[in-house]
Amino acid sequence: MPGFTGWAGLTQIGAPKPGETIAVAAATGPVGATVGQIGKLLGCRAVGIAGGPEKCAYAVDELGFDACIDHKAPDFADQMAKASPDGIDVYFESVGGKVLDAVIPLLNPHARVPVCGLVSQYNATQLPAGPDRMNWLMGQILRKMIKVQGFIIFDSFGHLYPEFAKQMGAWVKSGKIKYREEIIDGLENAPEAFIGLLNGENFGKRVIRVGNKK
Ligand SMILES: NC(=O)c1ccc[n+]([C@@H]2O[C@H](COP(=O)([O-])OP(=O)(O)OC[C@H]3O[C@@H](n4cnc5c(N)ncnc54)[C@H](OP(=O)(O)O)[C@@H]3O)[C@@H](O)[C@H]2O)c1
């Protein structure tokens, strides 16, 4: 499902062209890793964003991202600008918050923003403290002619699943797309595992294994 989400959001809404720059956060997670690797297969520059040097090194060395920036770094926004010298054409939105803040000024005219998730906001109980920047954001969308489109994977693109399975199956089989799983045993550990995922404690797709170990 997350692989399908990355594939569909990127190809159907992001519609990247060779030579364009794609940015995606949670770059070592199942959605982000898929987006970055497909971006490379389509001839784009892929800039990942991840939490910590170990995840960033994996994104570049193993997944083939051109750059990966640690969102916990104090100069994160400056590093994002340096890693995107030609601006950003597709921002695959999965986290919101300060990553979105850093990316918006870098978006090129006619950029596309598939809105997949907002993980930094899932636990929020109230709106963030002001100033209210809603009108500034709408101004950016207007003046740069940016396309912003949310999607819910099976509602929006379920009809494309057979096409995805065929293309992704071939890519995985030939080693062009890699994936990483992190297995946690026991259904009783699922709540803690899920809370940890929202805090970035997972490295790869977090899977809960129930029943006997094989
Ligand atoms: N629209 C849909 O149909 C659909 C379907 C599936 C998934 N999604 C969404 O896609 C996104 C990725 O899903 P996934 O399963 O691939 O998750 P994931 O990458 O395995 O886990 C979430 C990651 O988000 C990052 N993160 C957490 N808090 C953050 C913050 N404040 N700022 C920046 N990054 C933060 C962490 O990675 P780092 O440690 O690297 O920061 C964490 O590991 C989620 O937003 C999810 O809800 C949407």
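Quick check on my link table: of K55/K166; K176/K205; K173/K205; K17/K205; K40/K72; K72/K147, which ones sit more than 22 Å apart, alpha carbon to alpha carbon?
Over 22 Å Cα-Cα: K55/K166; K17/K205; K40/K72; K72/K147.
Under 5 Å between amide hydrogens, which residues at least 5 positions from Q149 or on another chain qualify, with H placed 1.01 Å from N in the peptide plane?
V113, V115
Hey, could you get me the Stokes-Einstein D for the chain, Kirkwood radius over alpha-carbon pairs, 25 °C and 0.890 mPa s, rounded to whole µm² s⁻¹? If you can, show how the numbers build up before the last one.
Values: Rh = 17.8 Å.
Estimated via Stokes-Einstein, D reaches 138 µm²/s.
With charges only on Cβ, +1 for K and R and -1 for D and E, what is the dipole size of the chain about its Cα centre, in debye, rounded to 20?
Details: 22 positive and 21 negative charges, 117 e Å.
Using Cβ point charges on Lys, Arg, Asp and Glu, the chain gives about 560 debye.
Given the options P105, G48, I38, identify the residue whose Cα lies farthest towards the positive end of the charge dipole of region 2-160 (+1 on Cβ of Lys, Arg; -1 on Cβ of Asp, Glu).
P105
Only helical DSSP H runs with n ≥ 4 go in: add -39500 (n - 2.57) per run for the chain, normalise by residue count and round the 222 nm mean residue ellipticity to 500 deg cm²/dmol. Numbers along the way, then the final one.
Numbers: 9 runs with 80 residues, N = 214.
After summing the helix terms and dividing by residue count, I get -10500 deg cm²/dmol.
Give me the distance between the Cα centres of region 44-71 and region 131-168, rounded to whole Å.
22
Report, in debye and to the nearest 20, how large the dipole of region 24-139 comes out about its Cα centre when Lys and Arg carry +1 and Asp and Glu carry -1 on their Cβ.
Numbers: 8 positive and 12 negative charges, 38 e Å.
Dipole about the Cα centre, nearest 20: 180 debye.
Mind ranking 97-109, 155-167 by how tightly packed they are, going by the mean number of other C-beta atoms within 10 angstrom, highest first?
Numbers: 97-109: 17.5, 155-167: 13.3.
The packing order, highest mean first, is 97-109, 155-167.
Run the numbers for I208 and D75: contour at 0.36 nm per residue of separation, minus the present Cα-Cα distance, in nm.
Working: separation 133, 0.36 × 133 = 47.88 nm, distance 3.55 nm.
Gain on stretching I208 to D75: 44.3 nm.
Between region 174-214 and region 18-38, what is the separation of their alpha carbon centroids in Å?
Centre-to-centre distance over Cα atoms comes out at 20 Å.
In what sequence do C44, C116 fall when counting other Cβ within 10 Å, fewest first?
Numbers: C44 22, C116 28.
Listing C44, C116 from fewest to most nearby Cβ atoms yields C44, C116.
A short reminder: the numbers here are calculations on the coordinates, not readings from a lab. All figures in this text were calculated on a predicted structure; none of them were measured in a lab. Quick reminder, even Gly has a Cβ in these numbers, built from the backbone with ideal geometry, and neighbours come from all protein chains shown.
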